[in-house]
Amino acid sequence: VGLFAWGALAAAGDPAPVMLTSSQLDRLFVEAAKLDDADLADVVTDEQFLRRISLDLIGRQPTPDELAAYILDSSAAKREAAVERLLSSPEFGANWAAYWSDVIGYRVPPPELTFLDYTIFEQWLATRINQNAPWDETIRMVLVASGKVKDHPEATFVGFHGADTTRLAAETARVFLSLQIGCAQCHDHPFDEWRREQFHELAAYFVRASAKMPWNDSGEIEVKDKGKGEYEMPNVADPSKKGTTMIPAFLTGAKLDKGKSDLERRTELANVIANAENPWFAKAYVNRVWARLMGRGFYEPVDDIGAGNEPQLREVHKPLTAHFISSGFDAKSLFRLIVNSKAYKQRLAENPSSAAKPYASGRTIKLRGDEVFQSLVTAIDLPNVTPPKIAPTKEIRFPPPPKSTKDVVSEVFGFDPSLRPEDISRTLGQAMLLMNNDQLQAQINSKADSGTALSKLLASEADNSKAVSKLFQLVLARQPAEGELKISLEHISSMPDKRGDAFEDLLWSLINSAEFTTKR
């Protein structure tokens, strides 16, 4: 689809948007992936399902109480009921606000003398997500916002980019449309359809925005209208074109008149981007959600759905996108549709074979940094401790803000959510944190006076077999397998006078297992 070819979509004969059911989605999935109905019969157990949707929707494993209540529920619709409970949880908005904060933040270069804090933005976005505010409306607010970030958190996107015209042009297209146009900043894109003029026409939308960058307090960053200025494409090779003003024009083909204010320019852009007729906006969002839930996107990497990237399961992606548009950009409707499908509930292969059907199920994926932290809180009551601020000195006038426990875990386990799953590696730093971090180790303490989750469990449960089962539920949200229980009890029996030490070993092993930091 060309940049200005809105009519091309209708001319291509796309069906009118319709709302899907999960069973209809499964039918589309079976046909597109060339499966048999039997391929969707091997669904996960109740334990596996609750852990999977809990991690996907609220960013942590279920607690033992939540797991017990779910297992005891004998109703036929208990999986659907669990989905509704999680979608209604405040943790749903917090989890997905953290995801979008990472989408934006991992590519933002840190400004001088200011440490960027996305907390205010995440709180604002979490509220919007929990209210199920239409996604298009939320993104229009992000693109149009002005004022200080502490008062107008939606101004974070423009403000944290320093209102830099070319950065905002590239990142607006990448984050909200999954289009990689940054290469066209200096020359026509060699592998896609973007021309250099188109990139700088997009940059012209931001030319009158300014961002006042204060010292050491990102909440004080203020987005304002400069009041004047037009955009000229830099480094023009043809001398006759130097000094040519670039008129804002992107996607619609319509050009703004010269002299428009910053608000008028960004409002025009926001209305064009967050629009049901935009061929990329809904498509990009659906691709990101599917990728996070299923472990693979229709397009990979998820921030590149341009003409040069061939998608998988196109026959599923298009109807899902139509559903999202028809719902009025109702995000919860999209999540509900996918996680209630059999395609989502499939068992994931432990050791995938090259002979297996490649899209018969999703794939295992690594937990994001904030999800690892929340899972540690759930498993071992890991407290979030923030050290005192460092006082400025003559040598260090602007000391970095102290990092909380959450900051440390999120940083070590964090990754750019736009990367392909195979490009996200496990690191030595991650292993060392789980093995040796002082604060984490303090929570793996069995002594009665420690007040840890482990000490309370051992004090309340004298039966070692039951205690092992409860520990597995705390950390991995499941019962131990027969072999796991046998090995655990043998280890405990080998230390008859050191029951607490033996359980510390077991807890340490579970926390350090690959399963703990992986969604399966």
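The values are calculated or read from the model by the stated rules, or taken from the named source; none is laboratory data. Predicted, not measured: the structure shown is a model, and the values here were computed from it. Positions of Cβ are backbone-derived with ideal geometry, glycine not excepted, and every protein chain shown enters the neighbour counts. Areas reflect the complete protein model, heavy atoms only, side chains present, ligands, DNA and RNA absent. Shrake-Rupley method; radii C 1.70, N 1.55, O 1.52, S 1.80 Å.
As a fraction of the 1.4 Å probe accessible area of the chain, surface on carbon and sulfur atoms comes out at 53 percent.
Of Pro90, Ser74, Thr45, which is farthest along the charge dipole of region 31-104 in the positive direction, counting Lys and Arg as +1 and Asp and Glu as -1 at C-beta? Going by the Cα projections, it comes out as Pro90. Packing, taken as the mean count of other beta carbons within 10 Å per residue, orders the peptides 416-427, 112-123 from highest to lowest as 112-123, 416-427. Per residue, the accessible area of the chain comes to 45 Å² when a 1.4 Å probe rolls over the protein heavy atoms. Given axes a ≥ b ≥ c from the Cα gyration tensor, I'd like to know whether region 352-508 is rounded (a/c under 1.5), prolate (a/b larger than b/c) or oblate. Since a/c reaches 1.5 but b/c is at least a/b, the shape of region 352-508 is classed as oblate.
Remark on region 44-116: hydrodynamic radius 14.1 angstrom, per the Kirkwood mean of 1/r across alpha carbon pairs. Taken over the C-alpha atoms, region 96-208 has Rg and Dmax values of 14.6, 43 angstrom. Report, in whole Å, the centroid distance computed from the Cα atoms of region 138-211 and region 94-134. Taking the Cα centre of each part, region 138-211 and region 94-134 sit 16 Å apart. Using only the alpha-carbon atoms of region 198-328 as identical scatterers, what base-10 log of I(q)/I(0) does the Debye formula give at q = 0.10, 0.11, 0.20 Å⁻¹? Scattering profile of region 198-328, log10 relative to I(0): -0.50, -0.59, -1.07. For region 101-165, the C-alpha radius of gyration divided by 2.2 N^0.38 Å, with N the number of residues, is 1.09. The convex hull of the Cα atoms of region 478-520, projected and averaged over all directions, covers 3.2 nm².
Using the Cα coordinates of the chain, the gyration tensor eigenvalues translate into equivalent-ellipsoid semi-axes of 44, 30, 18 Å, sorted from longest to shortest. For region 22-151, the fraction of C-alpha pairs more than 25 angstrom apart is 47%.
Start at zero, step by 10 Å, and the Cα-Cα distances of region 314-440 spread as 10, 24, 29, 22, 10, 4, 0 percent across the bins. Per-residue packing, averaged as other Cβ atoms within 10 Å, sorts the ranges 216-223, 195-202 into the order 195-202, 216-223, beginning with the highest. Here the Debye sum runs over all C-alpha atoms of region 418-520 as equal scatterers in vacuum, and log10 of I(q)/I(0) at q = 0.13, 0.15, 0.20 Å⁻¹ comes out as -0.51, -0.66, -1.06.
For region 288-354, the C-alpha radius of gyration sits at 1.20 times the compact-globule guess of 2.2 N^0.38 Å, with N the residue count.
Three principal axis extents of region 138-203 based on alpha-carbon atoms, in descending order, are 42, 19, 14 Å. Only helices enter this figure: runs of n ≥ 4 DSSP H residues, each worth -39500 (n - 2.57), summed and divided by the residues of the chain, yield -14000 deg cm²/dmol at 222 nm to the nearest 500.
Quick check: the distance between the Cα centres of region 292-349 and region 30-53, to the nearest angstrom? Cα centroid to Cα centroid, the span is 15 Å.
Packing order of peptides 456-467, 382-393, highest average first: 456-467, 382-393 (average count of other Cβ atoms within 10 Å over each peptide's residues). Between the alpha-carbon centres of region 449-516 and region 358-396 there is a gap of 24 Å.
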